[in-house]
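What follows is a single structure, written as structure tokens, with notes after it.
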Ligand code: NAD
Ligand code: MG
């Protein structure tokens, strides 16, 4: 049986892992839309290889390059935010939401509003839009399939069980490349050091989030929206080997865990095939070779991001959106060398404080307005450092 697929953010790390799975079973898939921000040549190459219906660049200034690169292939080309939304709204059996940041919100919402299956990697969109997105999932009868490895693990551990029987959900965290660094070393951490993740090969933004632990903070908020248990039932444990991807503990004392290699093709395959299973090129898990799995409590003194994110989740309303926006701005500044690693979470806290009385967003437009306003505050705070 052939299934159709669209990939938003096709040129990124998650997009490439998804296309690798599609490439291994070409006869099983028909590719509808592939999108990128600007990498026109790369996007055109993928669109040609997979015979996509349409290729879209988010940055309209890259559209003429995309048109040139697609030549007489017969593949449609489009550019700009409304074109991303239009592409995401095209019928497909599954839409992979793998754009990084809140930039992916409107296209992801368009896929949800179509009422189909959405394989969600774009955690920033869910963190920012929270209740607006989950309400749209319910009202349009869409299915949100978590791709983030922890959430995919939890999703798998919940199958066949009742959410009311859950005592605790534990998200595992690798601790990132700077785990164990002193405060003084963290102050001086460079972008190259922060993106050198020991276990996962990911895009720059999530790699920095992983180093600050804000990735786990965002994932805590993501989990709170995906799995209806109270925040007091969501826990984080540092597990540097990244073999256990998360765990669900039930009221009878049973804890179910999902294990696997640190390769995004595993959770992506799980989401794409759900409720079935599909082949991946993974080697069998070799536990004797792994030898030891270790666990430790997060160090919120040196890595305060998980505390800040938990407080934002507790505050609710617009706080998670504000946190995400501030974090996106600060991470971009850190990556371009214009702020320190330790400034990132400090800026996030200051911006949260300045926006604490903002009204809760009730619509997509509210979310966009709050996101823009928090970005402006973050830029101002960064200027004043
Ligand atoms: P990436 O930077 O490698 O790729 C991002 C993709 O989004 C690219 O195709 C890029 O062209 C596109 N994009 C970027 N900005 C855009 C914009 N303004 N408009 C339209 N398109 C834009 O990122 P990634 O590591 O693949 O992560 C993608 C998402 O998946 C993020 O939300 C991340 O948190 C999440 N995620 C990633 C991993 C991973 O292993 N990489 C794991 C879990 C979750
Ligand atoms: Mg994750």
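Key figures
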read-out: Enumeration of residues in the stretch 99-132 that are touching a strand residue (DSSP E or B) at 6+ places or on another chain (Cβ under 6 Å) and surrounded by fewer than 24 Cβ atoms within 10 Å (Cβ to Cβ); value: 117
read-out: Per-region count, the stretch 365-385, residues at pLDDT 95 or above, surrounded by fewer than 16 Cβ atoms within 10 Å (Cβ to Cβ) and more than 15 Å from residue 324 (Cα to Cα); value: 4
read-out: In the stretch 348-359, residue farthest from residue 209 (Cα to Cα) [restricted to those that are in contact (Cβ under 8 Å) with a residue 40 or more places away in the chain and crowded, with 16+ Cβ neighbours inside 10 Å]; value: 358
read-out: Residue match in the stretch 226-249 (condition: in a helix (DSSP H, G or I), within 16 Å of ligand 2 (Cβ to nearest atom) and at negative phi); value: yes
read-out: Scope the stretch 126-156; condition within 21 Å of residue 374 (Cβ to Cβ) and near ligand 2 (Cβ under 9 Å from one of its atoms); matching residues; value: none
read-out: Residue that is surrounded by the most Cβ atoms within 10 Å (Cβ to Cβ), among those in the stretch 138-150 that are in contact with a strand residue (DSSP E or B) (Cβ under 9 Å, 6 or more places away or on another chain) and part of a helix (DSSP H, G or I); value: 150
read-out: Qualifying position, being touching a residue at least 24 places away in the same chain (Cβ under 8 Å) and at positive phi, among 130, 116; value: 130
read-out: The stretch 281-307, residues that are in a loop (DSSP other than H, G, I, E, B), surrounded by 19 or more Cβ atoms within 10 Å (Cβ to Cβ) and in contact with a helix residue (DSSP H, G or I) (Cβ under 6 Å, 6 or more places away or on another chain); value: 298, 304
read-out: From 135, 153, residue being buried (at least 20 other Cβ atoms within 10 Å of the Cβ) and assigned to a helix (DSSP H, G or I); value: 153
read-out: Residue list for the stretch 245-261, restricted to those being surrounded by 19 or more Cβ atoms within 10 Å (Cβ to Cβ) and either within 16 Å of ligand 1 (Cβ to nearest atom) or at pLDDT below 95 (or both); value: 245, 246, 258, 260
read-out: Failed item in (1) touching a residue at least 24 places away in the same chain (Cβ under 8 Å); (2) within 16 Å of ligand 1 (Cβ to nearest atom), with residue 169 passing the rest; value: (2)
read-out: Residue list for the stretch 8-52, filter: in contact with a strand residue (DSSP E or B) (Cβ under 9 Å, 6 or more places away or on another chain), near ligand 1 (Cβ under 7 Å from one of its atoms) and part of a helix (DSSP H, G or I); value: 14, 15
read-out: Complete set of residues in the stretch 93-114 that are outside any helix (DSSP H, G or I), more than 13 Å from ligand 1 (Cβ to nearest atom) and under 18 Å from residue 146 (Cβ atoms); value: 93, 94, 95
read-out: Answer residue from the stretch 32-56, given it is closer than 14 Å to residue 88 by Cβ and touching a helix residue (DSSP H, G or I) at 6+ places or on another chain (Cβ under 6 Å) and is surrounded by the most Cβ atoms within 10 Å (Cβ to Cβ) among those; value: 55
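Conditions tested, residue by residue: (1) within 22 Å of residue 87 (Cα to Cα); (2) away from ligand 1 (no atom under 13 Å from the Cβ).
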{"position": "121", "(1), (2)": "yes, no"}
{"position": "124", "(1), (2)": "yes, no"}
{"position": "127", "(1), (2)": "no, no"}
{"position": "131", "(1), (2)": "no, yes"}
{"position": "139", "(1), (2)": "yes, yes"}
{"position": "144", "(1), (2)": "yes, yes"}
{"position": "149", "(1), (2)": "no, no"}
{"position": "152", "(1), (2)": "no, no"}
{"position": "155", "(1), (2)": "no, yes"}
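So that you can scan it fast, the table gives a plain yes or no per residue for (1) in contact with a helix residue (DSSP H, G or I) (Cβ under 6 Å, 6 or more places away or on another chain); (2) at pLDDT 95 or above; (3) on the phi > 0 side of the Ramachandran plot:
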position: 155; (1), (2), (3): no, yes, no
position: 163; (1), (2), (3): no, yes, no
position: 198; (1), (2), (3): no, no, no
position: 214; (1), (2), (3): yes, yes, no
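The values are calculated or read from the model by the stated rules, or taken from the named source; none is laboratory data. Source: prediction; values computed, not measured. Quick reminder, even Gly has a Cβ in these numbers, built from the backbone with ideal geometry, and neighbours come from all protein chains shown.
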